Amino acid sequence: MVRAAIAAALLLPFPLVVAVAQGQPPPAAPPSGYVGSNACKTCHADVWLNFYKNPHFKSVASGKEPPERTGCEGCHGPGQAHIAAGGGKATIPRAFSLLSPKQALEACLTCHERNFDKANIQRSEHTQHDVACTSCHSIHHAATPQRLLAKKQNELCYSCHSGIRGQFEMPSKHRVNEGFMQCSDCHNPHGSFAATWGMGQRSHLVEQALDNESPCLKCHVDKRGPFVYEHPSVAVEGCPMCHNPHGSMNAKLLKRPVVFTLCLECHNAGGSGTRNLGVDLQSARHNLLDPKFQKCTTCHVRIHGSNADQYFLR
Amino acid sequence: MSKLLLPIFAVAGTLAAQQVVAPTPDTVGSPRGDGWGGYNVTQSFETGYRFHLVGGDMGEYRSDANYGNGLRLLGSSFAMNSKDGHGRWFDQITLNTSGLGNDPYQSAILHVEKNGLYRYDMSWRLSDYFNPGLTVAGGEHLADTSRRLQDHDLTLLPQSHVRFHLGYSRNTEDGPALSTAQEFNLSGSAYPIFTNVRRQWNEYRVGAEAHFAGFQFTVERRWDFFKDDTPATADGVIAAGTLTDQTVLQQFNRSQPVHGSSPGWLGNLHTRRKRWGLNARLTYVMGRNDFALSESALGVDQFGSPANRQIVVGGDASRPDLAGDLSLSYFPTDRLTIVNNTSISNNRIDGASTYSELLTGSNLGTTIYFRYLGIRTITNSTDVNYRAADWIGFYGGYHYADRRVDTVEGFTLPAFANSTENNVYEVGNQLQSGLAGVRVRPWKPFTINFDYEVGRTNHPLTTVSDKNFQTLGGRAQYRVRKVQLSASYRESYDFQPAFSLFSSHSRGYSANASWAPRDWFSIDASYNKQHLDSSSFLAFFAGLSRSTLQAKYRSIYISNVHAANLGVRFAIRRRADLYLGYSITKDTGDGRATAVPAGTTDPIQALLDSVQTFPLTYQSPLARLSIRISPKVRWNAGYQYYGYGEAFGVLGYYQNFHAHTGYTSVLWSF
């Protein structure tokens, strides 16, 4: 009984919140020039035929949205002049092929600005390079039912980022072409907050994990720590210190074919580092001509961080 | 709109990355479906058999491709859409799968939505990971694990002014693996040990978004829990078997559970007005790990004496991480956008561990270690984007970052008073960089971008961190109805004048061409070249008779990767589709004929020479035929070859392989 009372107390406010949240102001009188989607489908039957599968159909189905946010005219603007002229692109208030990238962005943001994942779109590198919404999304001829992408995601990204495409075809790579991963697992194409684990702070559209971490840690959770003995370069500069995140000709996405050169480039007594005048120099016991000392991670197995050994031995 | 977009999509339709041979991307017929109640239902299933035949290094094949034999549900899709948007329980269900049945990469994506009431997204993915025990780790770090990822997100009232989010994610990794352990002597050999990987991560999320007076407020609370319960044991007696190292590991056991959590908060406020916008974020994550380690080893030490060792470690580590961002956007005119962003991040990692060791009867005592690593970063950036005219625009920015890294290292020996020592290191560095760029569209189908960035850092953390760097890049693209051409160039240079004289130069060139003259024929080709050279002075110990400090040698790495793609698609009388593809990735290194140039007599230089460049060819031609049997059925067959060839090998070991893979399947759509 007590449980039922608690459950009721917890659940009762929900319908109230639903009612309040769904409550819209009463629709004002239709602004001039809006004719409704039914008028559009007379000529554009091919577009309308499958439009019920389109996420934008919600605006039609809801019946609560004002005309300027409903159906065809929600995106393209009032259609009265277009009908009166008997068609023609120039008479469509928002014909996206005639809009500048900024105008197209503004048109889409009219509704989509509320989405948290687009909060940084004004400072994104895509916006900076005039890559507008319609460069990647196809509202009426989408290849993917979700997100309305013009093409399968990785192929869409490769169409501009061909250098990255080459990296994903290297022998050691993240499985994007194989369909296990997508670019958006690590990147937010609409812009992201600046990365805070590195110095440069250029965002590169990186989508952070746990709100503020390198996206690598979304999957490689065992590398997240915290560890008693952190590898400072990993904690401060991030995974790209040693790995090429997209793909590499070397094993394990490493930047070098063997580990010891990778390690020695930092552990060479140079630079400022956490040891003031240099990170740890390699031990005098380690004769590099002995093959066992050429494979650093054979002994330093916990190279990403350890709880038990300051030299990452266990 | 359609006149512009259609050509783009027609061309985009020909752009295809080098695919894996299956599942078949072709579909049967035009949009289809059956009516059921007030819904339209479409489905497709592709079921078939995969095969593979591998010669050479099977481990490297499994690391790079990993496709096996057997029956598969190569791909499937299911969609159910309400025709009027007023379904009783849902308005849309979509389910897409790939690789189910035993492919190394499998996924299932589900979306269920009821307009205005809820939206549910689920993804499940599996990846079979194989690490063949590469020579870079002595050939002893083998792993044959499976990683499973799943994400569930439920949004309530998705079209309302107040939205609620619930989420759950899970990530598990399990399977057998080999690692290594070094026992008894610090300079002794390391021995392979068996580990049964068992890692698990669970995350729960709850949050809400509210839209009020033009402001969007988001708050999210998340809890995540991680545990690693991977045990390690030695399987049988293992001996080094060298004259200088008589170590024998007869028994070994290690248990080192780690359990942790990282609960966090996120708050965000953003708005966009006619002339300005604001975006503010605050996150706080409190990471914590508790751990224990118990290890025992029995055997013979490096010098032939009986030895045993017990190690017990326990402790915890915590990491509060606070980050804040404030982004202000100004739109003084329709052509000008100015964005200023300030970010602050404060990350403090505190750890303590109690380490006790018994070595061959000697109690080495207990040491309590403390570690602290603090990273505080403040950045400010201003970016300007000016659209001078429809055909030309300029952008630029100034970025400043100030970072402080503090390290505190200390230990205590409880048996001895006043034995505490502390070493405190700190380094602060500032980065300043400037960016300028221009984009030009001289006529509609042709765009050009060009940008340049230069940056300076005063005290980089490591010798390979950015110091004096510059990047220069450009891209030109031409898009018309049937042709798409693009070319790009980007170079990135970095130089550190102090100590190691580290320098790095990377240059990337790319060219793409796509041509779709007919609906039954298209061709797509691309070429990329990535050049990288880096150089750094090293300091290490080495010597034939006696190990001495060496400081005159340099680490040099030179890579010239050429990557090319070609894909051709023919459709024969709308009855059959033939796709022929070829991709090759070839690192030509620096052009040398042998790993160690002739005449090198210094053994240290010979070792460094042998790893300066790593010529390698990885290629994969494929062919796929898809024949329409009936309006709802297709028969498909494909073949893909993988060839991996190292010119020099890694430290003298070659991992070359060639593999023939293929499949045949039936695709049924209705």
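The values are calculated or read from the model by the stated rules, or taken from the named source; none is laboratory data. None of the values given here were measured: they were computed from a predicted structure. FYI the Cβ positions are ideal-geometry reconstructions off the backbone, even for glycines, and counts take in every protein chain you see. Surface accessibility is based on the protein's heavy atoms, side chains included, excluding ligands, DNA and RNA. Shrake-Rupley method; radii C 1.70, N 1.55, O 1.52, S 1.80 Å.
Tell me which trypsin sites (Lys or Arg not before Pro) from region A:102-211 have a DSSP coil assignment and no more than 10 other beta carbons within 10 Å of their own. Passing both the DSSP loop test and the Cβ count: no residue. Using a 1.4 angstrom probe on protein heavy atoms only, the contact between B and A buries about 14800 square angstrom of accessible area, both sides summed. Counting only other chain Cβ atoms within 10 Å of each residue's Cβ, the peptide B:284-293 averages 3. Of the chymotrypsin sites (Phe, Trp or Tyr not before Pro) found in region B:484-576, the ones in coil according to DSSP and having at most 16 other Cβ atoms within 10 Å of their Cβ are B:Trp520. Rounded, prolate or oblate: which fits chain B when a ≥ b ≥ c are the square roots of the eigenvalues of the alpha-carbon gyration tensor, with rounded for a/c under 1.5 and prolate only if a/b beats b/c? The shape class here is rounded. Sites listed here are trypsin sites (Lys or Arg not before Pro) in region B:34-140 whose DSSP assignment is loop and whose Cβ has at most 15 other Cβ atoms within 10 Å: B:Arg88. Using every pair of separate Cα atoms, the Kirkwood estimate puts the hydrodynamic radius of the protein assembly as shown at 30.7 angstrom. For peptide A:170-183, the mean count of partner chain Cβ atoms within 10 Å of a residue's Cβ comes to 6.
Spatially, region B:498-576 and region A:135-154 are offset by 30 Å when compared through their Cα centroids.
The simple Förster model, with R0 at 60 Å and r as the Cβ-Cβ distance, assigns B:Val440 and B:Ile368 a FRET efficiency of 0.40. On the beta carbon distance between A:Ser100 and B:Glu426, with R0 = 41 Å, the FRET formula returns roughly 0.25. Quick check: from the Cα gyration tensor, does region B:70-228 come out rounded (a/c under 1.5), prolate or oblate? Because a/c hits 1.5 or more and a/b fails to exceed b/c, region B:70-228 counts as oblate. Pairs from the table (A:Lys152/A:Lys252; A:Lys151/B:Lys586; B:Lys83/B:Lys274; A:Lys151/B:Lys444) lying more than 25 angstrom apart at Cα are A:Lys152/A:Lys252; A:Lys151/B:Lys586; B:Lys83/B:Lys274. For the peptides B:396-409, A:74-87, the ranking by mean Cβ contacts within 10 Å, running from highest to lowest, is B:396-409, A:74-87. Working note: Karplus 6.51/-1.76/1.60 with θ = phi - 60° gives region B:653-670 the couplings 10, 9, 10, 5, 8, 9, 9, 10, 10, x, 7, 9, 8, 10, 10, 10, 10, 7 Hz, where Gly and Pro are set to x. In terms of packing, defined here as the mean over residues of other Cβ atoms within 10 angstrom, the peptides A:289-295, B:53-59 line up highest first as A:289-295, B:53-59.
Pairs exceeding 32 Å between alpha-carbon atoms, taken from A:Lys53/A:Lys102; A:Lys173/B:Lys467; B:Lys227/B:Lys529: B:Lys227/B:Lys529. Quick one: if the Förster radius is 56 Å, what FRET efficiency do B:Asn468 and B:Gln43 give, using the C-beta to C-beta distance and rounding to 0.05? For B:Asn468 and B:Gln43, the calculated efficiency is 0.45. Farthest toward the positive end of the dipole of region B:523-670, out of B:Gly589, B:Thr664, B:Gly649, is the Cα of B:Thr664, where the dipole comes from beta carbon charges about the Cα centre. Shielding value for B:177-186 is 3, the average number of Cβ atoms from other chains within 10 Å of each residue's Cβ. Annotation for B:Leu544 and B:Phe670: the two label points, set 7 Å from Cα along the Cα-Cβ direction, are 7.9 nm apart. Accessible surface area normalised per residue over region B:185-458 is 46 Å², counting heavy atoms of protein chains with a 1.4 Å rolling probe. Helix B:2-12 axis versus longest C-alpha principal axis of chain B: approximately 40°, rounded to the nearest ten. Extending 7 Å from the Cα toward the beta-carbon at both B:Ala213 and B:Val568 defines two label points whose distance is 6.6 nm. Expressed as a whole percent, the accessible area of the protein assembly as shown that falls on carbon and sulfur atoms is 62 (1.4 Å probe). Ignoring aspartates and glutamates fewer than eight residues from A:Lys41 along the same chain, the ones with Cα atoms less than 18 angstrom from its Cα are A:Glu68, A:Glu73, B:Asp84. With 0.36 nm allotted per residue and the present C-alpha distance subtracted, the B:Arg481-B:Tyr330 stretch has 50.7 nm of extension available. Around the Cα centre of chain B, unit charges on the Cβ atoms of Lys, Arg, Asp and Glu (plus for the first two, minus for the last two) sum to a dipole of about 3320 debye. Simple rule: put +1 on each Lys or Arg Cβ and -1 on each Asp or Glu Cβ in chain B, find the dipole, and look at B:Thr247, B:Ile375, B:Leu266; the Cα lying farthest toward the positive end is B:Leu266.
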